[in-house]
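No value in this document is a laboratory result; all are computed from the given coordinates. Note that the structure is predicted; figures quoted are calculated from it, not measured. FYI the Cβ positions are ideal-geometry reconstructions off the backbone, even for glycines, and counts take in every protein chain you see.
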Amino acid sequence: MNSVSTATSPRQQTLHVHRPGQDQWWRHAVIYQIYPRSFADARGDGVGDLRGIASRLDHLAALGVDAVWLSPFYRSPQRDAGYDVSDYRDVDPRFGTLEDADAMIARAHELDLKVIVDLVPNHTSDQHVWFQQALAAGPGSPERSRYIFREGSGELGEDPPNNWQSSFGGSAWTRVKARPDAPGSAWAEDGQWYLHLFDSSQPDLNWENPEVRAELESVLQFWLDRGVDGFRIDVAHGLVKEPGLPDWSGSVSMVTGVDEPPPEETQGSTLPGTLPGHPPMYDQEGVHEIYRSWRRVLENHPGEQILVAEAWVEPLERLARYVRSDEMNQAFNFSFLVTPWSAPRLRTVIAESYEVNDEVGAPTTWVLSNHDVVRHASRLGLAETGKGPNGIGIGDPQPDAELGLRRARAASLLMLGLPGSAYIYQGEELGLPEHTALPDDAREDPTFARTDGAEKGRDGCRVPIPWEADAPAFGFSPTGESWLPQPEEWSAYAVDAQTGVQGSTLEFYRTVLRLRRELVLGLGSSQWEPTFGDLASDGDVIAVVNTAEGREDVLVLANLGSEPVQLPDGWQVKLSSGPMSGDDGRTVPTDTAVWATR
Ligand code: ISL
């Protein structure tokens, strides 16, 4: 067993100091992500809806979260599960009506939950009236200049304008007349190409066009007036492209971000402030001006609404530029999410996260799961932890479910003990694993088809969640319909099967969130706990002390090593992610985290 080293550094090493006055709700909120298709289906057609959400919000209030973020529920052909918006000011009939949205927001507020909605400004659906008008109006028209249309390369314009690849696989360009399912007359035959960083049904907007800027600001205003408390900004790093759209041979794929930088000899960005090989479609300087103007829109509105950046930008220093004091309020910490299950790696990302965010006065955020990645209860049970694959299929290496859940609970206890704001993805409070055996013909994520099945895609983390062990579709819908099939074993994960059951993941999360709130851990200061000496600086233990005036110190400790470790003297266990061991119950086993007070 690893024991406490006495030869420790006398000084605790500071990670983060809470500054007086920085107590706003979004600096410490626990935000629960609702994926509307898969949360609760009141109508019984197998697709979740807003009335279903409203009817289940009391579960979230009882869980103890502060806010919900809903993935898009706007009018959309659903080619990318709602991230292809055809009308930003209306609700898709699959999810309900604007009145249902108002009622859902009102119910959330009644329960003291803030509501954050998703805004998708990088692209629209090809069914958006603007894109239909652009096709009809032809090259050189003001309608086309709302998007990024270009002539093709090659003698006859038969090749795409540049070599950019879609994050979902294949070229990032589609030629107008070549589109196979073109709905007839609306489709021009002029042979121009349009850019889409994602699916061909998601044309990228042209953010150089003032009309685009004005329109999206008016959309912000529309939802502010309906009472929302903030916006999660989809692909926040993508809106502005490098002028001239230079070739770039790197690859940017779903989940993984920039996983292959371009070979050295090929062109990359040459813009000042970017690294050689920086992707010319992401993280361009021009995006920041947009967020400054949005911040002003929010500040002119009564109340305290926020902007959250979904930006797969590395290193963390670059990401922190999105949360400077006059830009967004928060950015998702994907660097934390993709870090392998390794104490040294996690310590590094934790320290860096505080360093870069404190520099700009922004809260650090923490996140382990969302609708784009393999659920962390499964990801952490894979032989190789880290960012994980883009989906898991029946023929792929399968996660160790028990190991995954043990680590997931430890990871969540670690994350929720750290100062800052934290995200929970629906079902994670149930310890829900990824569905790793979905039949291919059930898959809907466009990445599956666009990569010819090489990537399984994100459906496995989007399966409707279980509420009642013995009800049809586990209580997701009254009829038993479910747009993706649920594994039979999920009855054991249902909310009613875990409620009141000591040691269940749901009761664990409830206790964690209650204590986090009582002790206001999200607004604490933090430092490394020095007692562990080498073990916590080079070894397998992560030990952070969360402090605040007027309350007891809280030690947040996770043991990622193969040997158990002893809790340092003076600390009393408050809560652990799994059973403690040793005669006195003060030994922290492998892959276990603990909160202790003194
Ligand atoms: O391009 C990337 C890396 O730089 C991606 O990781 C990208 O930022 C990310 O996948 C964006 O995801 C969001 O937008 C997509 C949508 O399919 C996802 O569900 C959404 O979270 C397109 O709107």
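Quick look at the values:
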| item | result |
| --- | --- |
| Tyr74 long-range amide H proximity, modeled H, under 5 Å | Asp92 |
| Cut-off under 5 Å, modelled amide H: who pairs with Ser166 long-range | Ser171, Ala172 |
| HN-Hα J in Hz across the stretch 113-118 - Karplus 6.51, -1.76, 1.60, θ = phi - 60°, x for Gly and Pro | 10, 7, 10, 10, 10, 9 |
| ³J(HN,Hα) computed for each position of the stretch 279-294 - Karplus, 6.51 cos²θ - 1.76 cosθ + 1.60, integer Hz, glycine/proline x | x, x, 9, 10, 6, 8, 3, x, 5, 5, 4, 4, 6, 5, 6, 5 |
| Long-range HN-HN contacts of Leu307 with modeled amide H, under 5 Å | Phe231, Asn329, Gln330 |
| Antiparallel %, DSSP beta bridges [both residues in the chain], to 5 | 60 |
| Hits among aspartates and glutamates - C-alpha to C-alpha of Lys456 under 16 Å, sequence gap 8 or more where chains match | Asp80, Asp199, Asp372, Asp396, Glu434, Asp440, Asp441, Glu444, Asp445 |
| Dimensions (Å) - the chain, Cα atoms, principal axes, largest first | 78, 57, 53 |
| Whole-number D in µm²/s for the stretch 376-440 (Stokes-Einstein; Kirkwood sum over Cα pairs; 4 °C, 1.567 mPa s) | 103 |
| Added length on full extension, which subtracts the Cα-Cα distance from 0.36 nm per residue, Asp45 to Ile394 | 122.9 nm |
| Cut-off 13 Å between beta-carbons: net charge of the residues surrounding Pro589, Lys and Arg +1, Asp and Glu -1 | +1 |
| For the chain, calculated [θ]222 nm from helices alone, where every DSSP H run of n ≥ 4 adds -39500 (n - 2.57) | -7000 deg cm²/dmol |
| Net length gained if the chain between Asp440 and Asp87 were fully extended (0.36 nm per residue, minus Cα distance) | 124.0 nm |
| Mean-position separation - Cα centroids, the stretch 418-479 and the stretch 549-598, in angstrom | 32 |
| Calculated from backbone phi, Karplus (6.51, -1.76, 1.60) coupling profile of the stretch 93-105 in Hz, x at Gly/Pro | x, 4, 9, x, 10, 4, 5, 5, 5, 4, 5, 5, 5 |
| Local net charge near Pro397, Cβ-Cβ under 14 Å (Lys/Arg +1, Asp/Glu -1) | -2 |
| The stretch 34-96 versus the stretch 336-402: alpha-carbon centroid distance in Å | 25 |
| P(r) of the stretch 359-496 over all Cα-Cα pairs, binned every 10 Å from zero, in whole percent | 12, 39, 33, 13, 2, 0 |
| Neighbourhood charge, 12 Å Cβ-Cβ cut-off, centred on Ile105 and excluding it, Lys, Arg +1 and Asp, Glu -1 | -3 |
